[in-house]
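Undergrad: There's a structure below that I have some questions on.
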2 protein chains.
Amino acid sequence: MAEGLMHASDDIELSVVVNTADDFELYGLSIAPDLDTVMYTLGGVANPATGWGIAGDTRNTLDGIGAYGVENWFLLGDRDFSTHILRTMWLKDGASLTEVTRRLSQGLGIPARIVPMSDQPVATMVRTPEGELAFQDYFVRRRQEDEVTGIRFAGIEHARATQEALDAIESADLIVFAPSNPIVSIGPLLAVAELRAALSATRTPRIAVSPIVAGKALKGPADKMLATLGHEPSALGVARILRPVLDGFVLDRQDSDLIPEIEELGLPARAMDTIMGDRDDRARLGREVIDFGWSLRTDDSAA
Amino acid sequence: MAEGLMHASDDIELSVVVNTADDFELYGLSIAPDLDTVMYTLGGVANPATGWGIAGDTRNTLDGIGAYGVENWFLLGDRDFSTHILRTMWLKDGASLTEVTRRLSQGLGIPARIVPMSDQPVATMVRTPEGELAFQDYFVRRRQEDEVTGIRFAGIEHARATQEALDAIESADLIVFAPSNPIVSIGPLLAVAELRAALSATRTPRIAVSPIVAGKALKGPADKMLATLGHEPSALGVARILRPVLDGFVLDRQDSDLIPEIEELGLPARAMDTIMGDRDDRARLGREVIDFGWSLRTDDSAA
């Protein structure tokens, strides 16, 4: 979605405020999966087959770690390792995660601003019948197979919003929640008190694109997670969760029948082809989303 | 040489006490070039073409670091990175360098004990007309082209010998100084007060193999360095430097004419074919060195 917005037109100034609650330390290195996925995607080096990692990357460092008898289930490519090594080094040298992300983005020649939600560590913890799991343990090692009975963002009470994230919200002409898991991807952003306050207070149109199409998550465990946490696993369920910070909602044409119920929440809704294909198709959705958002401006927000 | 000794016969129990004064930090990772070269060689994974690094290794992590605009002149392979990443992690977790080296060696299935000279950091600093350089800066980045006018081992006064190194000396039947640079490879070991004392006190035969053949270093800058530091760049020059901790000296057949002068130092000398070829040839030299060492036993040392 971020890529689609970036390429929607020539005069887009895009800031992407990114969840950092998936971040964790592995082999003493600071890994930030969501920041990396956004960076690699906007930098044009992402692996299109996986949605994470770098296209054509090799896995020799990780194989070497395994050869030493150390667990290596979290798949990191060799080129990918360079990101984690530099991030760790710069953080250790005292740079903020925001500054580190700026340097890495610059290195990849990314015109958009990629901004962590917070410079303080937050860790998503997943409650399951087997006990509480660290997010990547649940997500990668155990392949999202556990039933999720609760979610907790450890450290969230000490997480300040980054000034860059607040500035992005403050100066935006349009705010788009990408089609992401509303619980564990968008949820952490809304759990940062300053971000939630800024997103609640703004007069700028705020729209979300549903990550659930025809009751299924486009990728990942969002549908199952919504259901086991007591939400409806549908675009309507997502709209209900995000309602407090939204002015409009985009869902897939396959879910057009849900529009009346979503609009009953007081949320203008529009159906689009949200399953994105190639870069052109992403830009097409970006333009449609922007047009919809633009239509929601009040005199006040347009001022 | 260590490989030759390891394969010299089936009943060799080899301990290799290794210089750590080349160690340095790069990208926040602890790099130990000499330990790694010994480990990779005895583990059978060393790159025979370079003498360092791992055979067939790729260089994608380092390329990635370069792509981010960060200097990457110290050549580290992807598989090699796994060593540095784990070493750094384990050191950070509180393990000693000795313990880290034991774990890595075990991972590589090495039957010999590889022992750092010290668990405390020591850093070889190279004085040149351009100023003082960190060792790897001199050795790798500037390709040993600077004239060396002095050497200093920063931190040596706080460096304790590892117990494992002292035990190796204490229990040895034979002590062999491998054909290494006497100034910057063997020099640091002799500069650790406890090691020098143990090497001086032992009754075990101690022999060195000359790293200089026909006035040239087999590899590296030892010949130039000896000359600019006021030593004779020859097997004789090496014998003079190491004399205080030696009972015998091995030099190449090409240098047989130096035997009388070396023996005048009170040092029995023997000429051998010291330029090693394949594994069998290394084992051949290993056996010859052991035989020579054995011949130097006194009644006292044999007891």
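Undergrad: Which residue, of B:Ile156, B:Ile186, is under 17 Å from B:Thr20 (Cβ atoms) and in the same structural domain as B:Leu251 (by TED's automatic domain parsing)?
TA: None of the other options fit; the residue is B:Ile186.
Undergrad: If I filter the range A:53-63 down to residues being of a type in the set (Gly, Ala, Ser) and over 16 Å from the mean Cα position of the chain (by Cα), which single residue comes out as farthest from the other protein chains (Cβ to nearest Cβ)? Can you show your working first?
TA: Initial filter on the range A:53-63 (of a type in the set (Gly, Ala, Ser)): A:53, A:55-56.
Pick out the ones that are also over 16 Å from the mean Cα position of the chain (by Cα) and you get A:55-56.
Working: A:Ala55: 12, A:Gly56: 9 Å.
Only one residue tops the list, namely A:Ala55.
Undergrad: Taking the range B:100-119 as the region of interest, how many residues are of a type in the set (Lys, Arg) and more than 18 Å from the chain's Cα centre (by Cα)?
TA: Residues of the range B:100-119 of a type in the set (Lys, Arg): B:102-103, B:113.
Add one more test, that the residue is more than 18 Å from the chain's Cα centre (by Cα), and what stays is B:103.
Qualifying residue count for the region: 1.
Undergrad: Just one of (1) facing chain B (nearest Cβ under 10 Å); (2) of a type in the set (Gly, Ala, Ser); (3) in contact with a Gly (Cβ under 8 Å, 6 or more places away or on another chain) trips up A:Gly4, so point out which.
TA: Among (1) facing chain B (nearest Cβ under 10 Å); (2) of a type in the set (Gly, Ala, Ser); (3) in contact with a Gly (Cβ under 8 Å, 6 or more places away or on another chain), the lone unmet condition for A:Gly4 is (1).
Undergrad: Condition check: surrounded by 17 or more Cβ atoms within 10 Å (Cβ to Cβ), free of Cβ contacts under 8 Å to residues at least 40 places away in the same chain and outside the structural domain of A:Val213 (by TED's automatic domain parsing). Does A:Leu133 satisfy that?
TA: yes
Table: residues versus (1) polar (S, T, N, Q); (2) without any contact (Cβ under 8 Å) to a residue 40 or more places away in the chain; (3) within 22 Å of B:Leu189 (Cβ to Cβ); (4) crowded, with 17+ Cβ neighbours inside 10 Å.
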| site | (1), (2), (3), (4) |
| --- | --- |
| B:Thr37 | yes, yes, yes, yes |
| B:Gly51 | no, no, yes, no |
| B:Thr61 | yes, yes, no, yes |
| B:Leu75 | no, no, no, no |
| B:Arg79 | no, yes, no, yes |
| B:Trp90 | no, yes, no, yes |
| B:Leu104 | no, no, yes, yes |
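Undergrad: Do we find a residue being farther than 22 Å from A:Leu75 by Cβ, more than 9 Å from chain A (Cβ to nearest Cβ) and in contact with a Leu (Cβ under 7 Å, 6 or more places away or on another chain) anywhere in the range B:21-28?
TA: no
Undergrad: In this structure, does A:Ile169 turn out to be modelled with pLDDT of 95 or more, of a type in the set (A, V, I, L, M, F, W, C) and part of a helix (DSSP H, G or I)?
TA: When the stated conditions are applied, A:Ile169 passes them.
Undergrad: Is it true that some residue in the range B:15-31 is over 24 Å from B:Ala134 (Cα atoms) and out of contact with any Asp or Glu (no Cβ under 6 Å at 6 or more places or on another chain)?
TA: Here is the first cut: in the range B:15-31, the residues over 24 Å from B:Ala134 (Cα atoms) are B:15-16.
Imposing the further condition that a residue be out of contact with any Asp or Glu (no Cβ under 6 Å at 6 or more places or on another chain) reduces the set to B:15-16.
Yes, some residue in the range B:15-31 is over 24 Å from B:Ala134 (Cα atoms) and out of contact with any Asp or Glu (no Cβ under 6 Å at 6 or more places or on another chain).
Undergrad: A follow-up question, please. Taking into account only those residues within the range B:30-52 that are assigned to a loop (DSSP other than H, G, I, E, B) and under 15 Å from the mean Cα position of the chain (by Cα), which is farthest from A:Asp80 (Cα to Cα)?
TA: B:Gly51
Undergrad: Right, another one. Report, by residue number, each residue of the range B:100-127 that is away from chain A (no Cβ under 14 Å) and closer than 18 Å to B:Leu166 by Cα.
TA: If the condition is that a residue be away from chain A (no Cβ under 14 Å) and closer than 18 Å to B:Leu166 by Cα, then B:Ala112, B:Arg113, B:Ile114, B:Val115, B:Pro116, B:Met117, B:Ser118, B:Asp119, B:Gln120, B:Pro121, B:Val122 are the ones that fit.
Undergrad: Which one of B:Ile169, B:Ile183, B:Ile151, B:Ile207 is surrounded by fewer than 23 Cβ atoms within 10 Å (Cβ to Cβ), within 23 Å of B:Pro233 (Cβ to Cβ) and in contact (Cβ under 8 Å) with a residue 60 or more places away in the chain?
TA: Being surrounded by fewer than 23 Cβ atoms within 10 Å (Cβ to Cβ), within 23 Å of B:Pro233 (Cβ to Cβ) and in contact (Cβ under 8 Å) with a residue 60 or more places away in the chain holds for just one of B:Ile169, B:Ile183, B:Ile151, B:Ile207, which is B:Ile151.
Undergrad: For the range A:3-17, which residues satisfy the criterion of being crowded, with 21+ Cβ neighbours inside 10 Å and either under 13 Å from A:Gln136 (Cβ atoms) or in contact with a strand residue (DSSP E or B) (Cβ under 6 Å, 6 or more places away or on another chain) (or both)?
TA: A:Val16, A:Val17
Undergrad: Here is a follow-up. Among what's in the range A:37-46 and is away from every other protein chain (no Cβ under 12 Å) and not polar (S, T, N, Q), pick the residue that is nearest to A:Pro111 (Cα to Cα).
TA: It comes out as A:Leu42.
Undergrad: Against the condition assigned to a strand (DSSP E or B), farther than 21 Å from A:Ile169 by Cβ, charged (D, E, K, R) and assigned by TED's automatic domain parsing to the domain that holds A:Ser200, how does A:Arg270 come out, does it pass?
TA: When the stated conditions are applied, A:Arg270 passes them.
Undergrad: Which of the residues spanning the range A:64-90 are over 22 Å from the mean Cα position of the chain (by Cα) and more than 7 Å from chain B (Cβ to nearest Cβ)?
TA: Passing the criteria: A:Gly66, A:Glu71, A:Asn72, A:Trp73, A:Trp90.
Undergrad: Looking only at the range A:217-252, which residues are outside any helix (DSSP H, G or I) and not aliphatic (A, V, I, L, M)?
TA: A:Lys219, A:Gly220, A:Pro221, A:Gly230, A:His231, A:Glu232, A:Pro233, A:Ser234, A:Asp247, A:Gly248, A:Phe249, A:Asp252 - these are the residues of the range A:217-252 that are outside any helix (DSSP H, G or I) and not aliphatic (A, V, I, L, M).
Undergrad: Please determine whether any residue of the range A:228-240 is among the polar types (S, T, N, Q), closer than 28 Å to A:Ala159 by Cα and buried (at least 20 other Cβ atoms within 10 Å of the Cβ).
TA: Taking the range A:228-240 as the starting set, the residues that turn out to be among the polar types (S, T, N, Q) are A:228, A:234.
Next, from what is left, pick out any that are closer than 28 Å to A:Ala159 by Cα: A:228.
Pick out the ones that are also buried (at least 20 other Cβ atoms within 10 Å of the Cβ) and you get none.
Scanning the range A:228-240, I find no residue that is among the polar types (S, T, N, Q), closer than 28 Å to A:Ala159 by Cα and buried (at least 20 other Cβ atoms within 10 Å of the Cβ), so the answer is no.
The values are calculated or read from the model by the stated rules, or taken from the named source; none is laboratory data. All values derive from a computational prediction rather than experimental measurement. In this analysis, Cβ positions are derived from the backbone assuming ideal geometry, glycine residues included, and neighbour counts consider all displayed protein chains.
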